[in-house]
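The values are calculated or read from the model by the stated rules, or taken from the named source; none is laboratory data. Since the structure is predicted, the reported quantities are computational estimates derived from the model, not experimental observations. Cβ placement follows ideal geometry from the backbone for every residue including glycine, while neighbour counts extend to all protein chains displayed. The protein model used for the area step is the full one, side chains on, heavy atoms only, and it has no ligands, DNA or RNA in it. Shrake-Rupley method; radii C 1.70, N 1.55, O 1.52, S 1.80 Å.
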Amino acid sequence: PSAALALLCGSAAAVVVWKWLGKRQIQKKIEEARITRDEGVKKMAKAVQKFREQVPSVQTDAILSLPLLELTGRLREGSLSPRTVLYTYLEKALEVTQQTNCLRHFIPECEEQLQEIQWRSEKGLLYGIPVSIKDHIGHKGHLSTCGLVQCLDTLVQEDSVLVKVLKRQGAIPFAMTNVPQSLFNYDCSNPIFGQTLNPFNHQKSPGGSSGGEGALIAGGGSILGIGSDIGGSIRLPSSFCGLCGLKPTAERLSLLSGLGTRLLNVDVCSCPTPVPCALGPMARDVDSLALCMKALLCKEMFQLDPTVPPIPFDEEVYSSSAPLRVGYYDTDGYFPLPPCMRRAVRETKRALEAAGHQLVPFSPPRIHYVMTELFLKTFFADGGHAWLDMFTGDIVDPNLKPQVNCCKIPRLGKKLLALILKPLQFLLLLKVKNVAMVFICRSVKEMWNHHHQTQVYRTEFIARWRELQLDVMLCPVLGPAFTTGYPGKLLTAISSTMLYNVLNFPAGVVPVSTVTEADEEELKLYQGCCDDPWDRTLKQAVAGAVGLPVALQCVALPWQEELCLRFMKEVETLSLEK
């Protein structure tokens, strides 16, 4: 007995030591990554200082205030140099990241790209434009971390197709921006690089998962950025930060890394075909999004990735002024949004009618079914095991612990939980932040059926759209900006954006207003659907938002990005005329 006891104690001690060593190794990797980032920031600060000493008379504010279309014109005619513009934005990005922690890393090769474009005989559509890119979009010689420690060891060997095309169009990628751990959160924090803050209110989140992009652009440190969207990851940061952002049809822009493989975030999210990821632009105005899409939809993109349909940007559609037939709704009936977001839809509806457009009421079908059976079941068909594997040998970010802990419940426990909650599904509207994770595909046949049901729903939605002879859709988007930490408590509040990932429709966000004192007073009366804990949590999440941006969402049918952007431009113009 004494020998057995000694063996047991020795084994327990060995396990404790092994875990301690593992945590120490993780912490060492995190510290090294932070040191590398800080050294990069210092190096860039020195380069900016050197430029300032050489060219002390730069009118920084004037350059930063130029819209993208005007800036490209000034660069092409030569009244501004790419070098002056690059260092002006580098200096501003240093300032913004000091306040918001939005940058994961500067791209020192931007100085090489600057030299290269100045020797070219042909200037691209984005000649001399500094562009920021989301952490996981591959850039040669840099990490693609997704906020995960296991991704800190491997440098990207070749530029992704999208980065190659940006460079060929004369753009200068200069910074990579922060993301939430594993990308599966619409806050923006990870254990390696920390929490990114909203530039308008540091108590608020910039949204996610393209939150670093949102904070950097809204803070003035970038004029154009590239994000990704698989549940709202471009549109939510755009809503929270008062930007314009476009989620295209998933296959309209290349998702390939330079080595011909899918971008890492598709693997991280364990995303099968039914709900595809999309890359898209984020900027301060709609014209900037249109210019970016026009630049990317070029023969270089189609040659580098033959899976992208060779459909150039249709300028005629974007420039049209013909009246539109617009479907609209201010709630999807699943997760009622705060009063200010619904107000934005109603006010914009009246403005569109006054401008000569025809507005038609629309009700999205079966959103409860879409949210649980189609969207969340896509990501957690295996009970979340593939997602949990991402955290092996890692520290879980506090904002993700509710989801991670739920996925760790044994399968039998999930089945029992599903049986207990099934009678309450209608009452709770399935808003329990992690309940949907009990919806597991138990066989290959069931998975195929799930794929089929997604296609059936798309067909049903399009049929209703065509029956009403709609051109575009006006609808709400989640907002205003949540207080940091709250997005992880309200995973299923993203129904407003998630729907158009399931449908794979192009969808964009446009800021149209700000939160008023009257909105804040009305929020006090908000009860949601049931005045249940999730409704009350949403109320807490958005409180204290006076002055923050209020946005809405514009949608078109698949492959009609130009029409979506044209509608966004109309909404933007009308909002500025108020």
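Summary of values
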| quantity | calculated |
| --- | --- |
| First in segment 124-147 and under 16 Å from S182 (Cα atoms), second anywhere and open to solvent by 10 Å² or more (accessible area, probe 1.4 Å) and of a type in the set (V, I, T), Cβ under 6 Å, 6 or more apart | G138/V156; S144/V156 |
| Neighbours by Cβ (under 7 Å, 6+ apart or cross-chain): first from segment 229-257, in contact (Cβ under 8 Å) with a residue 24 or more places away in the chain; second open to solvent by 10 Å² or more (accessible area, probe 1.4 Å) and of a type in the set (G, A, S) | C241/A218; G242/A218; L243/A218 |
| Output for segment 329-348, where each listed residue is within 20 Å of F240 (Cβ to Cβ) and free of Cβ contacts under 8 Å to residues at least 60 places away in the same chain | none |
| Subset of segment 497-514 [open to solvent by less than 10 Å² (accessible area, probe 1.4 Å) and either among the β-branched types (V, I, T) or at pLDDT below 95 (or both)] | T497, V502, V509, V510 |
| Selected residue [of a type in the set (K, R) and either farther than 24 Å from V48 by Cα or outside the structural domain of A215 (by the TED database) (or both)] from K134, K140, K123, K92 | K123 |
| Which numbered condition V326 misses (of (1) without any contact (Cβ under 8 Å) to a residue 12 or more places away in the chain; (2) open to solvent by less than 10 Å² (accessible area, probe 1.4 Å); (3) not aromatic (F, W, Y)) | (1) |
| Enumeration of residues in segment 188-245 that are of a type in the set (S, T, N, Q), buried (at least 24 other Cβ atoms within 10 Å of the Cβ) and farther than 17 Å from G508 by Cα | S189, N190, T196, N198, S205, S222 |
| Residue within segment 34-42 that is basic (K, R) and surrounded by 15 or more Cβ atoms within 10 Å (Cβ to Cβ) present | yes |
| Residue identified as on the phi < 0 side of the Ramachandran plot, touching a Lys or Arg at 6+ places or on another chain (Cβ under 8 Å) and not basic (K, R) among P402, P398 | P402 |
| Given (1) under 30 Å from I395 (Cβ atoms); (2) in the same structural domain as N201 (by the TED database); (3) without any contact (Cβ under 8 Å) to a residue 24 or more places away in the chain, index of the condition R74 fails | (1) |
| So F302, is it touching a helix residue (DSSP H, G or I) at 6+ places or on another chain (Cβ under 8 Å) and on the phi < 0 side of the Ramachandran plot | no |
| Some residue of segment 233-249 being at pLDDT below 95 and either hydrophobic (A, V, I, L, M, F, W, C) or part of a loop (DSSP other than H, G, I, E, B) (or both) | no |
| Enumeration of residues in segment 305-319 that are surrounded by fewer than 19 Cβ atoms within 10 Å (Cβ to Cβ) and of a type in the set (A, V, I, L, M) | I311, V317 |
| Check on K167, modelled with pLDDT of 95 or more and open to solvent by 10 Å² or more (accessible area, probe 1.4 Å) | yes |
| Any hit, segment 342-355, residues being assigned to a loop (DSSP other than H, G, I, E, B), at positive phi and not assigned by the TED database to the domain that holds R252 | no |
| Residue match in segment 556-567 (condition: outside any loop (DSSP other than H, G, I, E, B) and polar (S, T, N, Q)) | no |
| Failed criterion for D61 (all others in (1) in a helix (DSSP H, G or I); (2) at pLDDT below 95 hold) | (2) |
| Test: residue in segment 463-486 that is at pLDDT 95 or above, basic (K, R) and farther than 20 Å from M282 by Cβ | yes |
| Among the candidates R24, R76, residue that is part of a helix (DSSP H, G or I), over 26 Å from A290 (Cβ atoms) and out of contact with any Leu (no Cβ under 8 Å at 6 or more places or on another chain) | R24 |
| Matching residues, segment 364-414, being touching a Pro at 6+ places or on another chain (Cβ under 7 Å) and not in a helix (DSSP H, G or I) | I395, D397 |
| Looking only at segment 100-150, and only at residues there that are among the β-branched types (V, I, T) and assigned to a loop (DSSP other than H, G, I, E, B), the one that is surrounded by the most Cβ atoms within 10 Å (Cβ to Cβ) | I129 |
| Selected residue [farther than 17 Å from R342 by Cα and either surrounded by 21 or more Cβ atoms within 10 Å (Cβ to Cβ) or outside the structural domain of L279 (by the TED database) (or both)] from G488, G547, G528 | G488 |
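Residue by residue, here is whether (1) open to solvent by less than 30 Å² (accessible area, probe 1.4 Å); (2) among the hydroxyl-bearing types (S, T, Y) holds:
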residue	(1), (2)
Q49	no, no
R52	no, no
S65	no, yes
T88	yes, yes
E95	no, no
